[in-house]
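Each remark here refers to the structure printed beneath this line.
The values are calculated or read from the model by the stated rules, or taken from the named source; none is laboratory data. Just so it is clear, the structure is predicted and the values come from calculations on it, not from any experiment. Don't worry about glycine lacking a Cβ; one is built from the backbone with ideal geometry, like all the others, and counts go over all protein chains shown. Side chains included, ligands, DNA and RNA excluded: accessible areas come from the protein's heavy atoms. Shrake-Rupley method; radii C 1.70, N 1.55, O 1.52, S 1.80 Å.
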Amino acid sequence: MSADRPAAIARAIVEGFDRHYRLFRYVAQQAKGRFENGDWQGMREFARERIDFYDTRVREAVARIEGEFALAAMGADAREALWPEVKAAYVSLLAEHRQPECAETFFNSVSTKLLHREYFNNAFIFVRPGVATEYMDSEPPSYRCYYPTTEGLRATLRRILLDFGLACGWEDFERDCRRLLRAVLEAHRAGEAFHRPWHAESDCQVQVLSTLFFRNKAAYVVARLINGTRLTPIAVPIQRNARGRLYLDTALFTTDLLATLFSFTRAYFLVDMEAPSAYIDFLRALLPHKPASELYTMVGLQKQGKTLFYRDFLHHLRHSHDQFAIAPGIKGLVMTVFTLPSYPYVFKVIKDVIPHPKETDREQIMAKYQLVKMHDRVGRMADTWEYSQVALPRARCAPELLRELRDLCPSQLEITDDTVVIDHVYIERRMTPLNIYLTHATDAELEHAVREYGQAIKDLAAANIFPGDMLYKNFGVTRLNRVVFYDYDEIEYMTDCNFRYMPQPGSADEDWDSEMTSFVDKRDMFPEQWRPFLTGDPRIRAALLKHHADLFDPDFWRSRKERIQRGILEDVYPYPPERRFTIRYAENEGASRRKFPPPFTGEG
C-alpha cells in the first residue's frame, strides 16, 4: 500500500467538505441581498435548495475517491487495513479547521457509502468527536460587545442596529429606536427580562452575534445581555415594508419566546458562520434546554444535528433502563409509532401493508416527509430526522412492540439475539396527541388548544399546505402549548386542491345522485362535510365555532388559495401578534417619547 494513499484519500474528503461548506456559506451570504431586495420567493428557494447540498457533495466525494483510488478493486481485508489510517490522516488535517465537527460528520457519510455496512465498524468513523471545538471562534469574532453603562442604552441600541450595515433605508429609524428602548424598559419593569431590582454590574454588556439570522421575510438580531451572573436572551426581528424600508417588528426577551423562534417546527435559518460551533455555544447559553442537535439543525446544518442526536441517543441508552414501547394514542393506518418513555422523541416506521381506505404506498409517504423537510413549516409541522439501519438493544424492546413490528413491518426488521435493526426510521419530538390532551383539559385549556388547532390549520394554509386528515389525533401539543401537525401522508399543496360546496339536491333524487357521482377526484375538498367529524364534543364545538367557524366555509379556502396563486406570501409570525410594536405602541407613540428612568447608568 502506498504510504501517501491514506493521506491522499483524507485530503480528497476534506476538499469535498470544504466545497460543501463554501456553497453553504455562499447561500447564507446571498440571503442578505435577497432580504434587502424583498426577494421572498428567492429566499425560500435558497433555503430549499440548500437542504440537498450536503448529499450532493457526499456523492461527489464518493465518486471521486472510487475513481481515483480504485477502492472497488480492493478486498475487504485491505479496506479494513486502510481506513483507520485514512481516519488518522483526516484528524491531522482538521487541526486548524474552523468547522471540524461538521467535517467529521462528512467523513462519516462518505465512509459509510464507500465501505458499505458489511465492511465498516466504529473504529473507521467518528463515533465521538476527534477534534475539540471549545473556545473555537472565527476572525473577526462571532459576536460583538457593546457597553451600555459607558455609551448609554439609547446610543448602544442605535449602534447595534447600524453595525449590521443593511443597504435599505429605514421607515423611521428614530421611532424604532424609541420603541426598542421602550420595550427594554417595560420588560425591566415587568421583571420579564431584567431582574428587579436592577443594578448594573461592572461587566454589564450586550453581546450580539455578528451576522443576522434570515428566514422568510425577516432578519433577526440575536443577542444576550450579560450582567454579573445573569443572562438575558434577546432577539429582534427586522422587517421590510412594501416600499422597501426597514422597521423593527418587536423585541423578544425570554427563553420561551426564543425557543419558539428556534422551534423544530420552523424552517431553517440562513446565517453565515465561519465557526458554527461558536454560534451554537452562544445559542445554547440563550436556550439551555435545547440540545445542540436541534440548534445545529435550525441553522441549516441538519446532518450535524443528526450526528449529535444519535450520539445523545446512544449516551441515553447507556444511562437508562426503561423499554421501548408502543406510543400512546390512536394507532394510525400508515405508521407504527413507538417511544422510549425516558427520552422525549418518538420513532415512526412505515408499515409494509397500508390498509384501505388509505390510497398510498411507501414511496409516496417518503415523498410527503421530504416535502415537509423542504417546505416552510411555519411553526405548525414537526421536523423529523430520518435514519437507516437503526440498531436497538433487543432486551430494551417491550414484547408487544416486537410483536407489532413483526406483524406490521417485517420487511423493515432484522432481529438477532441481541439487537433489533430497523431499516428506515423517522424520529421526531414527542408531543401530547391533541385528542388525548382535549379529553383531560380544563375549559380554559380546551379553548386555548382548540384556538391553537384552528390557527395551525390556517397557518398551514397560508404556507400552501392542506393537511388532509384534520382529525385531532393527527395534531400534538408541545411543551409551550402550541398545536402542531405531525401526520403527513395526506398533505397536499393548497394550489392542487379544489374547495367546493356540497351540491344542493334538485327536484328529483336522480339529479342529486348524478351530481354526487361527479365527485371523483381525491383532491376535491368539501369543508362543510368536516363539521360533524370535528364538533361531536359540545365543548370542542363551542370553542371551534367561536374562533374558527370559517374553516367549514369553502370561500375561506378559496380565498387563501387565490392569494397563493397570485404569489402573495402571507406573514406568519413566530411570536404572539400582540407583541408586535405596531400593535403595542402605534396608538400611543407619544408616550414612548417621555423620559423613562433607565435601568442602566449613563443612559444617552
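Assorted remarks:
- Test: residue in region 583-591 that is surrounded by 16 or more Cβ atoms within 10 Å (Cβ to Cβ), modelled with pLDDT of 95 or more, of a type in the set (Phe, Trp, Tyr) and farther than 21 Å from residue 483 by Cα: no
- Restricting 185, 157, 180 to those that are in contact with a strand residue (DSSP E or B) (Cβ under 8 Å, 6 or more places away or on another chain), within 19 Å of residue 582 (Cβ to Cβ) and part of a helix (DSSP H, G or I) reduces the list to 180.
- Of the residues making up region 29-45, just one is in contact with a helix residue (DSSP H, G or I) (Cβ under 6 Å, 6 or more places away or on another chain) and open to solvent by 30 Å² or more (accessible area, probe 1.4 Å), namely 34.
- Close contacts from region 15-27, counting a first residue that is more than 15 Å from residue 94 (Cα to Cα) and a second that is at pLDDT below 95 and surrounded by fewer than 15 Cβ atoms within 10 Å (Cβ to Cβ), with Cβ to Cβ under 8 Å and a gap of 6+ residues or different chains, come to 27/49.
- Of all residues in region 308-325, those satisfying the criterion of being of a type in the set (A, V, I, L, M), under 25 Å from the mean Cα position of the chain (by Cα) and open to solvent by less than 50 Å² (accessible area, probe 1.4 Å) are 308, 317.
- Within region 277-295, residues that are closer than 14 Å to residue 134 by Cβ reach partners that are in a loop (DSSP other than H, G, I, E, B) and acidic (Asp, Glu) with beta carbons closer than 6 Å, at six or more positions or on different chains, in the pairs 278/137.
- Test: residue in region 397-420 that is open to solvent by less than 10 Å² (accessible area, probe 1.4 Å), within 29 Å of the chain's Cα centre (by Cα), within 29 Å of residue 454 (Cβ to Cβ) and modelled with pLDDT of 95 or more: no
- Counted residues, region 147-163 - those being touching a residue at least 60 places away in the same chain (Cβ under 8 Å), within 32 Å of the chain's Cα centre (by Cα) and surrounded by fewer than 18 Cβ atoms within 10 Å (Cβ to Cβ): 0
- On inspection, residue 272 does not qualify as among the acidic types (Asp, Glu) and either in a strand (DSSP E or B) or in contact with a Pro (Cβ under 9 Å, 6 or more places away or on another chain) (or both).
- When residue 58 is tested against (1) touching a helix residue (DSSP H, G or I) at 6+ places or on another chain (Cβ under 6 Å); (2) open to solvent by 50 Å² or more (accessible area, probe 1.4 Å), only condition (2) is not met.
- Residue, nearest to the chain's Cα centre (by Cα), within region 334-373, restricted to residues that are among the charged types (D, E, K, R) and in a helix (DSSP H, G or I): 373
- Out of 278, 235, 285, 267, one residue alone is in a loop (DSSP other than H, G, I, E, B) and of a type in the set (A, V, I, L, M). It is 267.
- Within region 228-249, tally of residues that are closer than 26 Å to residue 281 by Cβ and crowded, with 21+ Cβ neighbours inside 10 Å: 7
- Filter pass, residue 26 being exposed (fewer than 15 other Cβ atoms within 10 Å of the Cβ), modelled with pLDDT of 95 or more and not hydrophobic (A, V, I, L, M, F, W, C): yes
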